Amino acid sequence: MPRKPTHLDSIVIGAGFAGIYMLHKLRNTLGLNVRAFERGAGIGGTWHWNRYPGAAADVDSIAYRYSFDSDLLREWNWKTRYAPQPEILAYLEHVVDRYDLREDIQLNTTVESLAYDESSGLWTVRTDGGEEFTARYVVGALGPLSTASFPEIEGRDRFAGTQVHTGAWPEDLDITGKKVGVIGTGSTGTQFIGAAAKMAEHLTVFQRSAQYVVPAGDGPLSDEFIEDYRENHKQFWEKAFNSRVACGFEESQISAMSVSAEERERRFQESWDAGNGFHFMFGTFADIAFNPESNDAAASFIRSKIKEIVRDPETARKLMPTDLYAKRPICNTDYYETYNRDNVTLVSTKENPIVRITPAGVVTEDGTEHELDVLVFATGYEAMQGSYNRIDIRGRGGVSLKEYWGEEPSSYLGMAVNGFPNLFTVFGPNSVFSNLPPALQTQVEWIAETIDAARKRGAGTVEATATAEKEWTAMCREMAEHSLFAQTDSWIFGSNIPGKKRRTLFYFGGIAAYRAKLGEIVAADYEGFTLDGDVSLTAP
């Protein structure tokens, strides 16, 4: 006879920032029997996999953390303005141990399928190890950027050296003294380029799109700064949660066109000197991402800096973006200065495309073979839905989530999908565009509170209505079209994946408005959801 599945109250998929906190809320706050499955050999999610040189948060470290526990806020201090990958991973390890979560995290386990049984109201969860579980609630905490994307280039399988994606960097890979090539210059690529140039014998950068990169302004945090944060962290987080992007700085409320050219220049220079990409876009003026004139002013300022910093005019020209400054803002230390180094070569693949990869390296259209020991793909991810598409998820009537979403994924609030009751997605499609930890924390807390409310009223299922999902998705699409983000190609709209239809993946109203909407839904007795059934909440 087949073995009876192990029953749990809830299952969490993923043990990164979201999965760790979700496990804590469901187990330690609600008292549920929960297990988290993590495909990696360690916890941390993004920060377990992304170990490439230069990997770090690009949001101030004091805002890149949990805020739910004042004691945790006081006892853990970051060393620098931007936390590097090892320090973030150490922080998450600390959280797991502090809240005694490790025993309920199952590592090296890939969830292969989820199937909803309408008669029992339970999900059946199967893993790559042949294990089978049932649970009333399943929470996907898979991360918005965890399914690596590779460009289709002839000969990629013939390269004789080491090739690696930044999102799966081996712990033992050392690029010191090697000839390194990197394809991609987004957030990850720019971080890697700055670090790799100092390590490699030679670094060749294959750039498809020139980027607007502002200085990071990184450096050690003073004892006085840390003490002030510890004493005033409640006010800091209150301000962050009542802002647009939740990065902790004062967001501007004025248009760049409402001040003189001299004042614009002064504000841009002040932000450039202080550092931080999000601050340059949202802290200098309120409308850089929405007003073409304001956007052009910011873009022109950055282009002037590229011309000023990069000594070789031809290299400076290649590095100068000509499109809108309307992608996720990037910051890095000495990015443009890196191209003044003798051991760095820039190849613009728009002007000189990659033709093929050979055993020795990369051949470009001009016939040059760039000899490499290591080829790095900093080519991004299939954002938001990619991780869910790897799992065979079937809801009511055996409907596949992958097929239901197709090329344009939809959800209600980024957390629930009609036809998939009791399945929640942390930072699923059409979640709020903001600093990730505060957004994840907001959703985790809301999901836990919703599950608690359903249990208290004896409801067996929580499900988004088709109407609510349709209206939320349409509203996200309309809001996105009013921003300049919609006029550029980037992973924010899924347009970084060749052959994929451009689609809306975010709610651009800001975290304050998003949290207000969640509060309104609860106040209206979970408007847009059905909390139904009188199914027993005990194990079968």
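The values are calculated or read from the model by the stated rules, or taken from the named source; none is laboratory data. Keep in mind that this is a model prediction, so the values were computed, not measured. When we count neighbours, we look across all protein chains shown, and the Cβ atoms used for this are built from the backbone with ideal geometry, even at glycine.
The table below lists the values:
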| read-out | value |
| --- | --- |
| Complete set of residues in the stretch 193-217 that are out of contact with any strand residue (DSSP E or B) (no Cβ under 6 Å at 6 or more places or on another chain), in contact (Cβ under 8 Å) with a residue 60 or more places away in the chain and more than 19 Å from Met320 (Cα to Cα) | Ala195, Met199, Gly217 |
| Qualifying positions in the stretch 261-291 - assigned to a loop (DSSP other than H, G, I, E, B), touching a Lys or Arg at 6+ places or on another chain (Cβ under 9 Å) and either assigned by TED's automatic domain parsing to the domain that holds Phe485 or touching a residue at least 40 places away in the same chain (Cβ under 8 Å) (or both) | Gly275, Asn276 |
| Candidates Asn352, Asn343, filtered to the one that is free of Cβ contacts under 8 Å to residues at least 24 places away in the same chain, over 30 Å from Thr284 (Cα atoms) and surrounded by fewer than 18 Cβ atoms within 10 Å (Cβ to Cβ) | Asn352 |
| Cβ pairs under 7 Å, 6+ apart, first in the stretch 27-41 and more than 15 Å from Val138 (Cβ to Cβ), second part of a loop (DSSP other than H, G, I, E, B) | Asn28/Tyr99; Arg39/Thr109; Arg39/Thr110; Gly40/Leu107; Ala41/Leu107; Ala41/Asn108 |
| Val432 being outside the structural domain of Trp237 (by TED's automatic domain parsing) and crowded, with 24+ Cβ neighbours inside 10 Å | yes |
| Segments classed as strands (runs of 3 or more DSSP E), wholly inside the stretch 138-256, with at least 3 members that are more than 21 Å from Thr364 (Cα to Cα) | 213-215 |
| Tally, over the stretch 86-108, of residues that are assigned to a helix (DSSP H, G or I) and either closer than 15 Å to Asn33 by Cα or modelled with pLDDT under 95 (or both) | 3 |
| Residue identified as of a type outside the set (Asp, Glu) and modelled with pLDDT under 95 among Lys470, Lys501 | Lys501 |
| Hits in the stretch 362-405 - residues which are of a type in the set (Val, Ile, Thr) and either part of a loop (DSSP other than H, G, I, E, B) or more than 30 Å from Tyr116 (Cβ to Cβ) (or both) | Val362, Val363, Thr364, Thr368, Val374, Val376, Thr379, Ile391, Val399 |
| Helices (runs of 4 or more DSSP H) (entirely within the stretch 1-85) containing at least 3 residues that are in contact with a helix residue (DSSP H, G or I) (Cβ under 8 Å, 6 or more places away or on another chain), closer than 26 Å to Thr188 by Cα and hydrophobic (A, V, I, L, M, F, W, C) | 17-24 |
| Unique residue being touching a residue at least 40 places away in the same chain (Cβ under 8 Å), assigned by TED's automatic domain parsing to the domain that holds Ser120 and under 24 Å from the mean Cα position of the chain (by Cα) when the list is Asp392, Asp323 | Asp392 |
| Qualifying positions in the stretch 109-124 - part of a strand (DSSP E or B) and either surrounded by 20 or more Cβ atoms within 10 Å (Cβ to Cβ) or without any contact (Cβ under 8 Å) to a residue 40 or more places away in the chain (or both) | Val111, Leu114, Tyr116, Asp117, Leu122, Trp123 |
| Asp296 being more than 23 Å from Val59 (Cα to Cα) and either in a helix (DSSP H, G or I) or free of Cβ contacts under 8 Å to residues at least 24 places away in the same chain (or both) | yes |
